[in-house]
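Encoded as structure tokens, the structure appears first; notes follow it.
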Amino acid sequence: MNNKNLREEVLRISGVNPKKCMRCGKCSATCPAYDEMEYHPHQFVYMVESGDISSLLDSESLYRCLSCFACIDRCPRNVEPAKLVEAIRLSKIRKQGANHMTANDVPALLDEDMPQQAIVSAFRKYSK
Amino acid sequence: MQVITREQLIEKAVSLLAANTVSCVLGWSRGEFDYDVSPAVFRSEEEVRRNFVWNDFCGANMSKYLISKASGVDGKILVFLKPCDTYSFNQLLTEHKFDREKVYVVAVPCDGMADFRLIKKVCGEGIISIDSEDAILKVKTLYSDSPISVPLTDVLAERCKNCKSKKHVAYDELLGEDGNVLESGRFDEVKKLEAMTAEERFEFWQNELSRCIRCNACRDVCPACTCEKCVFNNPSSGVENKAAANSFEEKLFHIIRAFHVAGRCTDCGECSRVCPQNIPLHLLNRKFIKDINEFYGEYQAGEEIGLRAPLTDYTTEDIEPCEIFHRRDTDA
Amino acid sequence: MQMKEHKPLIVAFCCNWCSYAGADLAGNNRLNYPAEVKVIRVPCSCRVNPMFVLRAFQRGADGVIICGCHPGDCHYVSGNYYTRRRMAMLFSMLDYLGIEKERTRIEWVSAAEGAKFAATMNDFVETVAKLGENKRLEDLRCK
Amino acid sequence: MQRIGVFVCWCGSNIAGTVDVKAVAEALKNEPGVVFSTNYQYMCSQAGQDMIKAAIAGHKLGGIVVCSCSPRMHEATFRKTASQAGINPYMVEIANIREQCSWVHKDMATGTEKAIILGKAAVAKVNLNTPLTPGESPVTKRALVIGGGIAGIQTALDIADAGFPVDIVETKPTIGGKMAQLDKTFPTLDCAACILTPKMVEVAQHENIRIFSYSEVSEIKGFVGNFDVTIKRKARYVKEDICTGCGACVEKCPMKKIPNEFNLGMDNRSAVYIPFAQAVPKVATIDPNACNMLKNGRCGICAKVCTAGAIDYTQKDEYIEEKYGAIVAATGFNPISMDKFDEFAYSQSKDVITSLEFERLTNAAGPTAGKLLRPSDGKHPHTIVFVQCVGSRCSACTEKGKEYCSKICCMYTAKHAMLTRDKYPDTEVYVFYIDVRTPGKNFDEFYRRAVEEYGVNYIKGMVGKVTPEGSKLKVQASDLIANKQLHIDADLVVLAAAIEPDKSARPLATMLTASMDTNDFFTEAHPKLRPVESPTAGVFLSGTCQGPKDIPETVSQAGAAASKVIGLLAKDKLTGNPCIAKSDEWMCNGCSSCGKVCAYGAITYEEKEFRLPDRTTKIRRVASVNPAVCQGCGACTVTCPSGAMDLNGFTTTQIMAEVDAICK
């Protein structure tokens, strides 16, 4: 799948229009996991817009997002960066084909520091 | 069989007359046969008891009669309205057609009205009486010894099969229980036509509209047609035409009529009910209603008093006329 | 089939402030378009009654086009917004009745768009010419 | 049937080159009504016009068709010619055979054929023309300005200086508006009071201006040149003409704990108050919600201390009616509510303030006498964070923010940052911005000075979260250029709140039948060419009620609105365009659809009594068109199902006649 198709896929899954972004950076300003990330929320939006999905797919940043949705709540333009993150996670899973985790694999990977929300979201994702 | 009985309505009318709440009653009056019910004004208890009817043939929408009847009365006029009639009632008030203060509305629940033409199809000619009990019609004809039983659901009028709402949107007093707005399949026929090719549609309408005899019944019964003088009757309008002289003018009349009521039509279906030629005129109005819903958002004329009709409104982002076909072509 | 050289008759309703001026500009710039196009001047596209459109078809027009200011630029603030709704309704209805949808068109032409006016007319005449004579909506008495 | 003359112009070879003008004149001779037809080289020349005049006289013509260039060129010329020859100017029709025929077609046969058809259409139309006379209406030579801020003040002064009486209606006890609350003004840094208060005094002393302060417009009827306005003068319980503004009552009033609106609630005032020292009119007002005397009948101290005897507890709201020829809306703006912006902790911390509150904090007449002190503890703040675009450019949630750019925030924030660094060089100042927008004379230079000379830290990015922690405000923000998330311990956070039109604008627009956009800004008659007029004739727009503006822009728009008002009031009579809608009352059924599509509010409805042929009478609701207001677009004519509404000069039958002639 080339970049353009990847981009389309991410846009379709997320339902987000990154063109609405006016580059204010409030998403990154509000992000509690900012320092953990290689690519920050505003960069996510910009990279999806410019089609640089493969860097995002390969980045650990993808799993640093806590899905707290602060960025969605605060964005003045309704761009919804967290939905892009989620969409790229899904694309990554789709690329992995049948190799992805099952719900049974999740408990083994849990550690104490993991936020509740991430655990719930992991179960939700892998139990489908 | 309707849930509310004729007797209940008569008692209601009589008591309101007796209490001087109203000075006359607008309702359905007995005709020669059970099925030819017509609208009438009753002025006394005696008249009401003798001629008032409420059966499966009270399809007539009483709202429009208020325009002429509400202004002349001393005190108030009582009117019985079925759910679909109340939408027309509100729409007429939106257009300032009569004084709300002059009218006392009693809302009557309705299980749908029978289409006499369908009964005739089932039972043949020579119908002398029709009684109904528990949603079964007992039809006596000249040619059969025993009454023929027909379930009401088999002979419901098209508009009642596709009833859009059992909810009354206006009343002073409600008899029985109020229903809800329904999900109806009323646009199915329109969709079927839209799916045809242009040639097929042209054939269809040519066939239907060429039967028009320009009796103007559709116009005269329509609660949205309330002009002092119709453009088609007005010599100075430039389009006066009292009888269609050719196939174009049949269309002209019906397109313009549908356009004039677009956004104001409540889809009461009276036009098709009264058409002596059985032309499905409601399909024109429903096309406009469907288009309005699709292009400008769901809109039900008469839902509330004072709504701004879609054709007297706009948004800066409205769909372009060229887009509508594009959208349809890509949807198909 | 009598496809050879049917000259379609086109009625164009143009609003005084934008499209009629656009048509004038096409003239000033000597931009050719077919003589089959006849312009009727109206103050605003919202003056165009659906009855006028039907009347044109009735009397033998093969295509009707309505031109107005671009949405948002109406000289009368909101006239063309109403036109847009009315004509969307009318065109959709004509299509529903089986009249070829290509015979009706609405186009926003500003006073500066002489070239667009000419191009639109060229294109419209060509489209309508392909459809041939308007048989479905024509008053035979008047021919 | 009219007696019609046809005049075909050659326009040198412009027309005659592609159109056989003689053939056109000849062909049109046979059209119904045509009694005379000719052609000439230049119809618009004096000789051509004389020829038309001679023909009108000689052939007793009732109407003429000129086949020539576009009516946009010479319709006015030929109408004048017709008028000089004694026929109604509206009995002239032009067939455009140059721009829309000879110039766009190459072939003589085609051109001639089309020219004949265009001529026929014009003849068909003239046959149905009727003489039209423009309506006239008188003009009341007095203007009403609604709103007494800088916009209203400037408009009123300009109109009054031109010699016309003006009334200003202001809801607050004093005129002055938002500008009176400001400290300094960008980019020159003049003190706002120093330039505004002389204007306020000028207003008060102007013989042509009356100020109705503490008043509201409660009803507007009528139309351009003839508005009837009812003004509600709220009871201020002080006789305005007697009060000297000495302030004795204010000083002695025991109710001292009322939040002071003028200082945005950052300090208190008394129940009887004068908003600020330079208030105009400088009279006291009693706040009925706070005054013990008015609430419980106990106290009465102010009446005792008032030596002038101006206090009157029995005063009632008073309604006055006045006639006006023109109305100017100058209702101004307010900063939006910050209540919904939880992330900035505005409602949690006193030290998170809006920019307007900052203005009061730095104003010498403000609650801190101009010293920049934190509202919470009165200490000097050392780190100040300014956040721009709070609620501006926000399309996500209409309840929270506004989609538009508020326009003034970039500049006043630069001003605040600069002044802070100027007065208190020990403070660290951060400005978080999305874009810095500085189009305007000396604006960008001003902003650059703030950065380069005053060392303000401009950071491209946004503040995401403010958390009060102890005496500090933890500010979490992004620096997009460094690609870092910043954490700043601030002492004061200043929010550049978006501005929105004053709440009084919407009901006013309804009264004026003036249109508004979705943001409740007044709509202009034309966004480019008529920016200070409302589509409703006789209603003009001044200042921020039309859109976000800074002071110089407001003042220039105020002047422009005034010049439009002066232009209107200078006329004794208004002559209308006769090509307007007319309603046939006998056919109108009062459905009121036409009124809904009229952008000008020209259509009104009345109950009218009709005598019927059977000698009975009937009362019906019918539409009537105000000729002074109607602009003649024709939107109503198509909305009217019965065809009762028609448009003079472009009647339904005329247009259909043209269609018929073309399609024949």
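The values are calculated or read from the model by the stated rules, or taken from the named source; none is laboratory data. Note that the structure is predicted; figures quoted are calculated from it, not measured. Heads up, the Cβs are rebuilt from the backbone with ideal geometry, glycines too, and the neighbour counts pull from every protein chain shown.
Among (1) under 18 Å from D:Asn129 (Cβ atoms); (2) free of Cβ contacts under 8 Å to residues at least 24 places away in the same chain, where does D:Leu61 come up short?
(2)
Among the residues in the stretch A:32-46, are any over 19 Å from D:Asn483 (Cα atoms), at pLDDT below 95, aliphatic (A, V, I, L, M) and outside the structural domain of A:Gln117 (by TED's automatic domain parsing)?
Within the stretch A:32-46 (the criterion being over 19 Å from D:Asn483 (Cα atoms), at pLDDT below 95, aliphatic (A, V, I, L, M) and outside the structural domain of A:Gln117 (by TED's automatic domain parsing)), the answer is no, since none of the residues qualifies.
Scan the stretch D:317-360 for residues that are in a loop (DSSP other than H, G, I, E, B), touching a residue at least 24 places away in the same chain (Cβ under 8 Å) and closer than 30 Å to D:Ala235 by Cβ and jot them down.
D:Asp317, D:Gly325, D:Ala330, D:Thr331, D:Gly332 - these are the residues of the stretch D:317-360 that are in a loop (DSSP other than H, G, I, E, B), touching a residue at least 24 places away in the same chain (Cβ under 8 Å) and closer than 30 Å to D:Ala235 by Cβ.
Does any residue in the stretch D:73-90 that is basic (Lys, Arg) come within less than 9 Å, Cβ to Cβ, of a residue that is assigned to a helix (DSSP H, G or I) six or more places away or on a different chain, and which pairs are these?
D:Arg79/D:Pro89; D:Arg79/D:Tyr90; D:Arg79/D:Met91; D:Lys80/D:Gln49; D:Lys80/D:Pro89
I'm trying to understand the selection: among the residues of the stretch D:492-534, which are surrounded by fewer than 24 Cβ atoms within 10 Å (Cβ to Cβ) and of a type in the set (Ser, Thr, Tyr)?
D:Ser504, D:Thr510, D:Thr513, D:Ser515, D:Thr518, D:Thr523
Do the conditions hold for C:Leu137, that is, is it assigned to a helix (DSSP H, G or I) and at pLDDT below 95?
No; evaluated as a whole, the condition is false for this residue.
If a residue must be without any contact (Cβ under 8 Å) to a residue 40 or more places away in the chain and at positive phi, how many such residues does the stretch D:422-476 contain?
Residues that pass the stated criteria total 3.
Has the stretch D:496-513 got any residue that is assigned to a strand (DSSP E or B), touching a residue at least 12 places away in the same chain (Cβ under 8 Å) and under 20 Å from D:Ser218 (Cα atoms)?
yes
Residues that are surrounded by 13 or more Cβ atoms within 10 Å (Cβ to Cβ), of a type in the set (Val, Ile, Thr) and under 20 Å from B:Arg273 (Cα atoms): does the stretch B:155-168 have at least one?
Yes, the stretch B:155-168 contains at least one residue that is surrounded by 13 or more Cβ atoms within 10 Å (Cβ to Cβ), of a type in the set (Val, Ile, Thr) and under 20 Å from B:Arg273 (Cα atoms).
Would you check if there is a residue in the stretch D:396-413 being among the β-branched types (Val, Ile, Thr) and without any contact (Cβ under 8 Å) to a residue 60 or more places away in the chain?
Looking through the stretch D:396-413, at least one residue is among the β-branched types (Val, Ile, Thr) and without any contact (Cβ under 8 Å) to a residue 60 or more places away in the chain.
Going by the conditions given, is B:Ser236 farther than 25 Å from C:Ser92 by Cα, within 14 Å of chain C (Cβ to nearest Cβ) and of a type outside the set (Lys, Arg)?
Criteria met by B:Ser236.
One line per residue, one yes/no per condition, for (1) at pLDDT 95 or above; (2) assigned by TED's automatic domain parsing to the domain that holds D:Glu26:
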position: D:Arg72; (1), (2): no, yes
position: D:Phe78; (1), (2): yes, yes
position: D:Leu118; (1), (2): yes, yes
position: D:Gly147; (1), (2): yes, no
position: D:Gly152; (1), (2): yes, no
position: D:Thr155; (1), (2): yes, no
position: D:Pro165; (1), (2): yes, no
position: D:Pro173; (1), (2): yes, no
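For the stretch A:51-122, which helices (runs of 4 or more DSSP H) that fit wholly inside it have 1 or more residues that are β-branched (Val, Ile, Thr), surrounded by 15 or more Cβ atoms within 10 Å (Cβ to Cβ) and within 14 Å of chain D (Cβ to nearest Cβ)?
By residue number, A:70-74.
Name the single residue, out of those in the stretch C:96-110 being in a helix (DSSP H, G or I) and within 7 Å of another protein chain (Cβ to nearest Cβ), that is surrounded by the fewest Cβ atoms within 10 Å (Cβ to Cβ).
C:Lys101
Quick check on my filter: what residues within the stretch D:403-447 are small (Gly, Ala, Ser), crowded, with 20+ Cβ neighbours inside 10 Å and in a loop (DSSP other than H, G, I, E, B)?
Once the filter is applied, which keeps residues that are small (Gly, Ala, Ser), crowded, with 20+ Cβ neighbours inside 10 Å and in a loop (DSSP other than H, G, I, E, B), the stretch D:403-447 yields only D:Ser406.
So which residues in the stretch D:461-492 are touching a strand residue (DSSP E or B) at 6+ places or on another chain (Cβ under 6 Å), in a strand (DSSP E or B) and away from chain A (no Cβ under 13 Å), if there are any at all?
D:Lys472, D:Leu473, D:Asp489, D:Ala490, D:Leu492
Provide a single number: the residues in the stretch B:175-193 that are assigned to a helix (DSSP H, G or I) and surrounded by fewer than 17 Cβ atoms within 10 Å (Cβ to Cβ).
4
On the given criteria, is D:Lys664 out of contact with any Leu (no Cβ under 6 Å at 6 or more places or on another chain), within 9 Å of another protein chain (Cβ to nearest Cβ), closer than 28 Å to C:Leu9 by Cα and modelled with pLDDT under 95?
yes
For the stretch B:175-225, what are the residues that are more than 14 Å from chain C (Cβ to nearest Cβ) and of a type in the set (A, V, I, L, M, F, W, C)?
B:Leu175, B:Val181, B:Leu182, B:Ile213, B:Cys215, B:Ala217, B:Cys218, B:Val221, B:Cys222, B:Ala224, B:Cys225
So, B:Lys242, is that one closer than 27 Å to D:Cys591 by Cβ, within 14 Å of chain C (Cβ to nearest Cβ) and either touching a residue at least 40 places away in the same chain (Cβ under 8 Å) or not hydrophobic (A, V, I, L, M, F, W, C) (or both) or not?
no
Quick one: in the stretch B:144-169, which of the residues that are under 16 Å from the mean Cα position of the chain (by Cα) and hydrophobic (A, V, I, L, M, F, W, C) is farthest from B:Lys121 (Cα to Cα)?
B:Val169
Scan the stretch B:1-20 for residues that are out of contact with any Asp or Glu (no Cβ under 9 Å at 6 or more places or on another chain) and assigned to a loop (DSSP other than H, G, I, E, B) and jot them down.
B:Ile4, B:Thr5, B:Ala19, B:Asn20
Of all residues in the stretch D:427-441, which are modelled with pLDDT of 95 or more and more than 24 Å from D:Cys394 (Cβ to Cβ)?
Listed by number, the residues that qualify are D:Thr427, D:Glu428, D:Val429.
Please tell me if B:Ser144 is over 17 Å from B:Asp85 (Cα atoms), surrounded by 14 or more Cβ atoms within 10 Å (Cβ to Cβ) and not hydrophobic (A, V, I, L, M, F, W, C).
So B:Ser144 fails the test.
Among what's in the stretch D:593-640 and is more than 30 Å from C:Gly68 (Cα to Cα) and part of a loop (DSSP other than H, G, I, E, B), pick the residue that is farthest from the other protein chains (Cβ to nearest Cβ).
The selected residue is D:Arg615.
Condition first: more than 7 Å from chain B (Cβ to nearest Cβ), in contact (Cβ under 8 Å) with a residue 12 or more places away in the chain and in contact with an Asp or Glu (Cβ under 7 Å, 6 or more places away or on another chain). Can you find one or more residues in the stretch C:66-80 that meet it?
Checked the stretch C:66-80: at least one residue is more than 7 Å from chain B (Cβ to nearest Cβ), in contact (Cβ under 8 Å) with a residue 12 or more places away in the chain and in contact with an Asp or Glu (Cβ under 7 Å, 6 or more places away or on another chain).
When you go through (1) more than 14 Å from chain C (Cβ to nearest Cβ); (2) of a type in the set (D, E, K, R); (3) touching a helix residue (DSSP H, G or I) at 6+ places or on another chain (Cβ under 7 Å) one by one for D:Glu658, which number turns out not to apply?
(1)
Considering only the stretch C:21-38, how many residues are closer than 16 Å to C:Ser110 by Cβ and at the interface with chain D (Cβ under 7 Å from one of its Cβ atoms)?
The number of residues fulfilling the criteria is 7.
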